[in-house]
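Notes follow the structure.
The values are calculated or read from the model by the stated rules, or taken from the named source; none is laboratory data. Owing to the predicted nature of the structure, the values given are computational and were not obtained by experimental measurement. Using ideal geometry, Cβ is built from the backbone for each residue, glycine included, and neighbour counts are taken over all protein chains shown.
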Protein chains: 2
Amino acid sequence: MKSISEAYSFEGKQLVCSHQSAVNNCEMIFAVFIPPKIKKPPVLWYLSGLTCSHLNVMEKGEYRKKAAELGMVIICPDTSPRGESVPDEKDNWQFGSGAGFYLDATQSPYDKNYNMYSYIIDELPSVIENYFDFDMSRQSIFGHSMGGHGAIVMALRNPNKFKSCSAFAPIVEPSTAKWSSEAFKKYIGLDQSNWHKYDSVALVKNDYYFPEILVDQGDADSFLEEGLRPWLLQDACKNTNINLKLRMQPNYDHSYYFISTFMADHLIWHRERI
Amino acid sequence: MKSISEAYSFEGKQLVCSHQSAVNNCEMIFAVFIPPKIKKPPVLWYLSGLTCSHLNVMEKGEYRKKAAELGMVIICPDTSPRGESVPDEKDNWQFGSGAGFYLDATQSPYDKNYNMYSYIIDELPSVIENYFDFDMSRQSIFGHSMGGHGAIVMALRNPNKFKSCSAFAPIVEPSTAKWSSEAFKKYIGLDQSNWHKYDSVALVKNDYYFPEILVDQGDADSFLEEGLRPWLLQDACKNTNINLKLRMQPNYDHSYYFISTFMADHLIWHRERI
């Protein structure tokens, strides 16, 4: 692992690191904030949205103050593999670089690099465990938009790995949202029965379970009606034991101006459960 | 005035606006955060550092949460005139675009556009007063690096206009710091007696007065020894009635990871005095 940068902030350390990923076959970058004054802190994963890298939330997310107070590590991975050897569609912001959708591709040529599900669940936690002294028995996960989809899917499929889950404006049914369904076709093929393991609504309908999910959604979000549709997850959870706490937030859009507003709330939510 | 963008954040509004500047002879952009639930809020000006625009602090400064709580407007102007008709040195980050040094140029061709002192003190407040319902009888000022220099100079020269002043890592004696003295030569000529009105140490030595100045300075700041040197201002203030509160902050650098850490402290400082 290589250290790319290190800055002191809120008495903790904001690091950016890179490493050679075996599952994605490229160098991957991630950000990690280490809080002060706590031994073996618990770990909260933040998965970012379409077009983002580790940088967006690191710069605009406003998580360090509360994470330092609460004594939580925040890890912000990139959203896809990148590099000259990684197949991409440079003019398409909904596929390829910045748009890994947190799944493991099965279709050539994407299956060689686009394996963000295994990367987040298996490979990066191992890298983190080798280099840092965090309490990996206490992990939680959250994310924004495409990363909210990723966080909810990963929690539902790994309820014993994550202590808590939340999301800002998640894509809850990517199988049927246009910006994700086109990408799913290319990554995992035309057989839609293979898509369900990456679709939170389908997982809930198939009895996957996570005790509580917190979702904040701005009602002025321009992607709400066509891309996000949190009511689909709300409907799916209705006759289950999943406690979905969906908060519609008046006037907020899809940006980090919205995310940063509710960031502290989410960190407190996770800290109470981790 | 034109509205460029508007986003809801922390129950307030983060706006970006532009207008045609008469003193700078170009279109100028600024950001303004309007806190919720308060009529005629007071105004805190934030002056940014070299290479920055209004964007850097708007994205990374983490001021909205506390400004919303305290009920203060935060105005973030650009750091220089910009545009095709504005003379510039594109490869020099210490002069021209992004490096206006908050002075009024006297030398051709810069005097036509580089008049940031008059812009911040006179023109932009008039524009703000015309378009917003803020309490312009209650204004304070702070800034970072080159903008810390600007804030302290403006407070010392306008002690009745500003209720309070603070700075993150300010350039306190720009007349003798290399990154500013070269720019001063081009903007205001070789006669150094004209430089003193833009130099906080010189102003203090010439009996300019402001009651209190708060300065936070990271001791791991790579510009500390050659460019910033807050001890020069500390020495100058020693036999005056100016209460300079200089806090050396261990391990912090020159970046927004440092600024954001102490942003809330500064907003509280200003709110108690405005």
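Of all residues in region A:220-234, which are surrounded by fewer than 20 Cβ atoms within 10 Å (Cβ to Cβ) and either without any contact (Cβ under 8 Å) to a residue 12 or more places away in the chain or among the hydrophobic types (A, V, I, L, M, F, W, C) (or both)?
A:Ala220, A:Phe223, A:Leu224, A:Glu225, A:Trp231, A:Leu232
May I ask you to say which residue of B:Ala155, B:Ala167, B:Ala151 is in contact (Cβ under 8 Å) with a residue 60 or more places away in the chain, surrounded by 18 or more Cβ atoms within 10 Å (Cβ to Cβ) and in contact with a strand residue (DSSP E or B) (Cβ under 9 Å, 6 or more places away or on another chain)?
B:Ala151
Anything in region A:71-120 that is among the charged types (D, E, K, R) and either over 12 Å from the mean Cα position of the chain (by Cα) or at pLDDT below 95 (or both)? List them, or say none.
Result: A:Arg82, A:Glu84, A:Asp88, A:Glu89, A:Lys90, A:Asp91, A:Asp104, A:Asp111, A:Lys112.
Per-residue answers, yes or no, for (1) among the basic types (Lys, Arg); (2) in contact with a His (Cβ under 8 Å, 6 or more places away or on another chain); (3) surrounded by fewer than 16 Cβ atoms within 10 Å (Cβ to Cβ):
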position	(1), (2), (3)
B:Ser180	no, yes, no
B:Ile188	no, no, no
B:Ser193	no, no, yes
B:Gly218	no, yes, no
B:Asp265	no, no, yes
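Which of the residues belonging to region B:128-146 are aliphatic (A, V, I, L, M) and surrounded by 18 or more Cβ atoms within 10 Å (Cβ to Cβ)?
Passing the criteria: B:Ile128, B:Ile141, B:Met146.
What single numbered condition from (1) without any contact (Cβ under 8 Å) to a residue 12 or more places away in the chain; (2) crowded, with 18+ Cβ neighbours inside 10 Å fails to hold for A:Asn115?
(1)
Spot the failing condition for B:Phe30; the list is (1) surrounded by 17 or more Cβ atoms within 10 Å (Cβ to Cβ); (2) more than 21 Å from the chain's Cα centre (by Cα), and only one is missed.
Against the list (1) surrounded by 17 or more Cβ atoms within 10 Å (Cβ to Cβ); (2) more than 21 Å from the chain's Cα centre (by Cα), B:Phe30 comes up short only on (2).
Which pairs have Cβ atoms under 9 Å, sit 6 or more apart or on different chains, and link a residue in region B:119-137 that is touching a residue at least 40 places away in the same chain (Cβ under 8 Å) to one that is in a helix (DSSP H, G or I) and surrounded by 18 or more Cβ atoms within 10 Å (Cβ to Cβ)?
Short answer, once both residue conditions are applied: B:Ile120/B:Gly150; B:Ile120/B:Met154; B:Ile121/B:Met154; B:Phe134/B:Ile128; B:Met136/B:Pro125; B:Met136/B:Ile128.
Can you spot a residue in region B:219-229 that is in contact with a Leu (Cβ under 7 Å, 6 or more places away or on another chain) and either away from chain A (no Cβ under 14 Å) or among the hydrophobic types (A, V, I, L, M, F, W, C) (or both)?
No: region B:219-229 contains no residue that is in contact with a Leu (Cβ under 7 Å, 6 or more places away or on another chain) and either away from chain A (no Cβ under 14 Å) or among the hydrophobic types (A, V, I, L, M, F, W, C) (or both).
Could you list, in sequence order, the residues of region B:40-58 that are in a loop (DSSP other than H, G, I, E, B) and out of contact with any Phe, Trp or Tyr (no Cβ under 9 Å at 6 or more places or on another chain)?
Across region B:40-58, the qualifying residues are B:Ser48, B:Cys52, B:Ser53.
Please go through region A:2-14 and pick out each residue that is at negative phi and either within 11 Å of chain B (Cβ to nearest Cβ) or touching a residue at least 60 places away in the same chain (Cβ under 8 Å) (or both).
A:Ser5, A:Glu6, A:Ala7, A:Tyr8, A:Ser9, A:Gly12, A:Lys13, A:Gln14
Determine, yes or no, whether A:Met263 is at pLDDT 95 or above, at negative phi, part of a helix (DSSP H, G or I) and within 14 Å of chain B (Cβ to nearest Cβ).
For A:Met263, the condition - at pLDDT 95 or above, at negative phi, part of a helix (DSSP H, G or I) and within 14 Å of chain B (Cβ to nearest Cβ) - is met.
Working carefully through the options B:Ala167, B:Ala177, B:Ala183, find the one that is of a type in the set (A, V, I, L, M) and more than 30 Å from A:Glu6 (Cβ to Cβ).
Matching residue, one of B:Ala167, B:Ala177, B:Ala183: B:Ala183.
Within region B:121-179, count every residue that is at pLDDT below 95 and aromatic (Phe, Trp, Tyr).
Total meeting the criteria: 1.
Being crowded, with 19+ Cβ neighbours inside 10 Å, over 17 Å from A:Leu267 (Cα atoms) and not acidic (Asp, Glu) narrows it down to one of A:Pro109, A:Pro81, A:Pro87, so name that one.
A:Pro81
On the basis of being over 30 Å from B:Asp191 (Cα atoms), of a type in the set (Asp, Glu), within 14 Å of chain A (Cβ to nearest Cβ) and not in a loop (DSSP other than H, G, I, E, B), does B:Glu27 make the cut?
no
Scanning region B:40-69 for residues that are of a type in the set (A, V, I, L, M, F, W, C) and within 14 Å of chain A (Cβ to nearest Cβ), which turns out farthest from B:His149 (Cα to Cα)?
B:Ala68
If you take the residues in region B:235-260 that are away from every other protein chain (no Cβ under 14 Å) and in a loop (DSSP other than H, G, I, E, B), which one is surrounded by the most Cβ atoms within 10 Å (Cβ to Cβ)?
It comes out as B:Ile242.
Looking at B:Lys37, is it part of a loop (DSSP other than H, G, I, E, B), more than 18 Å from the chain's Cα centre (by Cα) and within 14 Å of chain A (Cβ to nearest Cβ)?
Yes: the conditions hold for B:Lys37.
Pick out the one residue from A:Ala220, A:Ala264, A:Ala236 that is more than 18 Å from the chain's Cα centre (by Cα), of a type in the set (A, V, I, L, M, F, W, C) and under 22 Å from A:Lys60 (Cβ atoms).
Result of the check over A:Ala220, A:Ala264, A:Ala236: A:Ala220.
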